[in-house]
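Report on the following structure.
The values are calculated or read from the model by the stated rules, or taken from the named source; none is laboratory data. In this text the structure is predicted, and so the values were computed from the model without any measurement. Cβ placement follows ideal geometry from the backbone for every residue including glycine, while neighbour counts extend to all protein chains displayed. Surface areas here come from the heavy atoms of the whole protein model, side chains and all, with no ligands, DNA or RNA. Shrake-Rupley method; radii C 1.70, N 1.55, O 1.52, S 1.80 Å.
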Amino acid sequence: MLFRKLAEERKVSLEKFQEMAAADPSIDRLVDERTMLEAERGDVVVDGQLAGWVLKEISDLRILLTAPLVVRLERIAARDGISLEEARRQTLHREAVQAERYRKHYGFSVDDWSIYHLILDTSFGSIEDTAKILLAAAVTAKNAKTGKSPEKNPGPQPIPAATNRP
């Protein structure tokens, strides 16, 4: 939202703003600074392509939400009221620009998922199911941080021997 808001403030399209950011690292730094300010408030969820990387050292839980390309394209087309072909064109262009920008300005690959605690394919279930999984992960992370655990795992339990009855 921060990135989109900055594009709107400058009265340029999102695509054009992404190209501007590729040439001007100060744009990403501005988004990073605002993201960090939000995160430092605590007890907050920060959503963004760079959030996991920017907040890597201070975040309690990093989640990557993903979906197969066709699902993402259908969702984008429906959200933006555009054709599937236009969604594909915009998405592939945006992802190529972002991948190069992140590699150049930050030194990492968007294909490196090693920093995430949880990777969730959002096409697997409904939005409600996804929300339940995310909430459970957040509660688990918060409990781990505070040392609270609603239920301790008792560890392996012996399996009773089967009784042979005639």
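I'd like the full set of residues that are out of contact with any Asp or Glu (no Cβ under 8 Å at 6 or more places or on another chain), closer than 20 Å to residue 47 by Cβ and open to solvent by 50 Å² or more (accessible area, probe 1.4 Å), limited to the range 81-105.
95
How many residues, within the range 29-45, are assigned to a helix (DSSP H, G or I) and either surrounded by fewer than 14 Cβ atoms within 10 Å (Cβ to Cβ) or of a type outside the set (Gly, Ala, Ser) (or both)?
Residues in the range 29-45 being assigned to a helix (DSSP H, G or I) and either surrounded by fewer than 14 Cβ atoms within 10 Å (Cβ to Cβ) or of a type outside the set (Gly, Ala, Ser) (or both): 11 in total.
Considering the range 63-77 alone, what residues qualify as being in contact with a strand residue (DSSP E or B) (Cβ under 8 Å, 6 or more places away or on another chain) and within 26 Å of residue 27 (Cα to Cα)?
Within the range 63-77, 63, 64, 65, 66 meet the criteria.
Just checking, which of 94, 101, 75 is basic (Lys, Arg), part of a helix (DSSP H, G or I) and without any contact (Cβ under 8 Å) to a residue 12 or more places away in the chain?
75
Can you tell me which residue among 75, 62 is modelled with pLDDT of 90 or more, more than 15 Å from the chain's Cα centre (by Cα) and within 30 Å of residue 140 (Cβ to Cβ)?
Being modelled with pLDDT of 90 or more, more than 15 Å from the chain's Cα centre (by Cα) and within 30 Å of residue 140 (Cβ to Cβ) holds for just one of 75, 62, which is 75.
Residues that are assigned to a strand (DSSP E or B) and within 18 Å of the chain's Cα centre (by Cα): does the range 65-72 have at least one?
Yes, there is a match, as at least one residue in the range 65-72 is assigned to a strand (DSSP E or B) and within 18 Å of the chain's Cα centre (by Cα).
Quick one: in the range 106-143, of everything that is outside any helix (DSSP H, G or I), among the β-branched types (Val, Ile, Thr) and open to solvent by less than 60 Å² (accessible area, probe 1.4 Å), which residue is nearest to residue 63 (Cα to Cα)?
The selected residue is 115.
Criterion first (on the phi < 0 side of the Ramachandran plot, touching a His at 6+ places or on another chain (Cβ under 8 Å) and either free of Cβ contacts under 8 Å to residues at least 60 places away in the same chain or not aliphatic (A, V, I, L, M) (or both)) does residue 34 satisfy it?
Criteria not met by residue 34.
Output the residue which, of all residues in the range 7-28 that are without any contact (Cβ under 8 Å) to a residue 60 or more places away in the chain and under 19 Å from residue 104 (Cβ atoms), is most open to solvent (accessible area, probe 1.4 Å).
Residue satisfying both the conditions and the ranking: 16.
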